[in-house]
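Written out below as structure tokens is the structure these notes cover.
The values are calculated or read from the model by the stated rules, or taken from the named source; none is laboratory data. All values reported here derive from a predicted model rather than from experimental measurement. Note: ideal-geometry Cβ built from the backbone for every residue, glycine included; neighbour counts use all protein chains shown.
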Amino acid sequence: MPDGNLTRARVAQNENLTRAREAQKDEFYTQFQDIETEVNAYLELNPDVFRDKTILLPCDDPEWSNFTKYFVLNFEFFGLRKLISTCYAMEGASPTQPIKFVSRPPHYNAETSETHGKILVLERNDDIHNNINLENLHWDYLEGDGDFRSAEITALRDEADIIITNPPFSLFRQFFAWIVEANKQFLIIGNMNAVTSRDIFPQIKDNKMWYGCSISSGDREFCVPEDYPLEAAGWRIDEKGNKYIRVKGVRWFTNLDHGRRHLPLPLMTMSDNLKFSRHNDLMEKHAYEHYDNYNAIEVPYTEVIPSGCDDVMGVPISFLDKYCPEQFELMGITDQGTDLSWLRIPNNDRYDRPYLSGKRMYARLIIRKKQ
Ligand SMILES: C[S@@+](CC[C@H](N)C(=O)[O-])C[C@H]1O[C@@H](n2cnc3c(N)ncnc32)[C@H](O)[C@@H]1O
């Protein structure tokens with residue numbers, strides 16, 4: 001091989017290795033049950049939510065992603081028009097014992113799999129009507145590596161009505177922007193704190209996106225590849241050798257409507273909360289005190305938002321798990337660049353966070369009860 005070719009081959013190999021290392025951080029595979037529980041919430045509100053729709057699963061290996069499996073199995077039941085599942089070229093990334101339910105094509109090639117992503121397309125037609133035969137489903141290679149930002153996958157995004165997946169954690173913001181710029185419906189998994197970023201919070205504030213339904217506390221278990229370092233606090237290995245890690249702070253993000261977000265939060269008065277709340281540290285936490293620098297009161301837990309109170313309130317980010325837009329107006333977030341100048345008490349030194357008796361508090365969502 002001439003030197004130039006050798007160098008190019010080494011560079012390509014190194015690029016593949018770097019990509020593999022980087023992608024390691026992103027290999028968290030969603031469990032079938034978690035997808036099913038969440039999707040059920042949308043079907044409950046609207047059984048036709050997916051009817052005649054094209055769904056794109058852009059980070060989902062057609063051989064084994066549970067998203068692919070779930071939507072293939074429910075293709076007829078949901079009345080889908082088209083399902084497209086694509087993945088990034090990442091040979092070797094998979095659960096230890098991937099449940100292969102879609103066959104490998106005859107032209108499968110391990111080397112090609114390192115540079116080309118995969119695609120599975122399922123379209124409504126008479127052949128499969130009422131009888132999808134999983135044995136006969138084959139995926140194919142993409143032209144490129146399957147990066148969601150590539151022109152090839154972006155064209156599939158533009159064709160789709162709904163984008164659904166658990167995207168790479170390390171690229172969550174880019175992935176979110178990629179969906180929003182195309183104005184698509186979506187259901188994706190991410191870290192709850194993503195909402196505090198400058199580019200994502202405005203979507204929440206303007207009621208263009210919200211948390212999903214089925215995860216509102218605790219952690220969730222994700223399957224990880226065999227060589228994944230088990231440094232996390234909660235992990236296990238099942239009887240088949242699959243490794244799982246428990247991840248805290250996970251939420252579904254969506255702009256599909258679900259019923260829970262229209263359920264108002266039951267509230268008690270301020271004095272009843274102080275007497276009867278299960279949180280017995282309300283005084284220590286400065287509950288209901290007025291901030292030094294903002295014209296609002298501190299509410300340290302969502303459950304103790306007082307009834308009959310017209311004050312503007314600062315509440316924890318986890319309020320979004322209970323946020324009912326008919327009950328509350330979400331006005332902003334501290335320290336993330338939303339314009340809260342209208343709420344400021346003049347002549348304070350700092351407005352980066354709420355302060356109470358000079359003490360810097362946690363970042364807070366700013367809300368008001370709707371009349
Ligand atoms: C958090 S995992 C979830 C995988 C799958 N969606 C699931 O839930 O089981 C994110 C996946 O995105 C893939 N990925 C990483 N970078 C990507 C990119 N630029 N474009 C598309 N997929 C990417 C990773 O290899 C990984 O398999």
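Key figures for this structure:
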item: Residue count, segment 84-108 (criterion: within 14 Å of the ligand (Cβ to nearest atom) and modelled with pLDDT of 85 or more); result: 6
item: Selection status of Pro300, loosely packed, with under 14 Cβ neighbours inside 10 Å, part of a loop (DSSP other than H, G, I, E, B) and either within 32 Å of the chain's Cα centre (by Cα) or without any contact (Cβ under 8 Å) to a residue 40 or more places away in the chain (or both); result: no
item: Counted residues, segment 153-185 - those being within 15 Å of the ligand (Cβ to nearest atom), of a type outside the set (A, V, I, L, M) and without any contact (Cβ under 8 Å) to a residue 12 or more places away in the chain; result: 0
item: Residue tally, condition part of a loop (DSSP other than H, G, I, E, B), over 15 Å from the mean Cα position of the chain (by Cα) and surrounded by 15 or more Cβ atoms within 10 Å (Cβ to Cβ), over segment 187-231; result: 2
item: Which listed residue, of Pro47, Pro62, is in a loop (DSSP other than H, G, I, E, B), modelled with pLDDT of 95 or more and either away from the ligand (no atom under 16 Å from the Cβ) or closer than 25 Å to Lys118 by Cβ (or both); result: Pro47
